[in-house]
1. Taking 8 Å as the Cα distance limit and 6 or more residues as the minimum spacing, I'd like the relative contact order of the chain as a percentage.
2. Helix 113-131 versus the longest principal axis of the chain: what angle, 0 to 90°, nearest 10, using Cα atoms?
3. What label, among (1) 1.00; (2) 0.96; (3) 1.09, belongs to Rg/Rh (Cα atoms, Kirkwood Rh) computed from the structure on display?
4. Taking the highest mean first, how do the peptides 59-66, 100-107 order by number of other beta carbon atoms within 10 angstrom per residue?
5. Measure nothing but the geometry: give the 0 to 90° angle between the long axis through the Cα atoms of 81-103 and the longest principal axis through the Cα atoms of the chain, rounded to 10°.
6. Under 8 Å for C-alpha pairs, at least 6 residues apart: give me the relative contact order for segment 74-135, rounded to a whole percent.
Amino acid sequence: MPTLLAQIGAPFVPTWDQLHPFMPQLWLVITIVAVLIVPFFTHRSNTLCGLTALLGVLLALASLRNPPAAEHFRGFLVADGVSFLWNLILLLFVAGIILLSLGTTLPSLHPGDGPEFFTLLFGATLGMSLMGSTS
């Protein structure tokens, strides 16, 4: 079995320089976790989850930078101008969806439906965001 271990190689642990261009995606992951945890601490979970989701999108927008074009994660992801523009449009669109849901349908949903909605929304957003960065 030493040949199998030699073929696997050392584990890949990204450095901060490799993670930094993907901070918006990390904020989306943190927001998914936060939206799932918020209902345990409040009675009005839908509204607070909506505000948590809005805060997460704003943090992702604030961390969005246009780095010089470079490949990351062994060439699987690219941080360039196209991925920056795609993420900007995507995050602005998701912020609009959250604002519309806060103003129209979210107060009338059953308790617990808000976290499910925002988890699905952010999961899809994370997938689309990573899709825009693939090489």
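The numbers here are math on the coordinates, done by the rules we state, and not lab data. Keep in mind that what you see is a predicted model, and the values were worked out from it rather than measured. No Cβ is skipped: glycine too gets one built from the backbone with ideal geometry, and neighbour counts run over all protein chains shown.
1. Dividing the mean separation by the residue count of the chain yields 33 percent.
2. 30
3. Correct label is (3).
4. 59-66, 100-107
5. Once rounded, one gets 20 degrees.
6. Rounded, it is 77 percent for segment 74-135.
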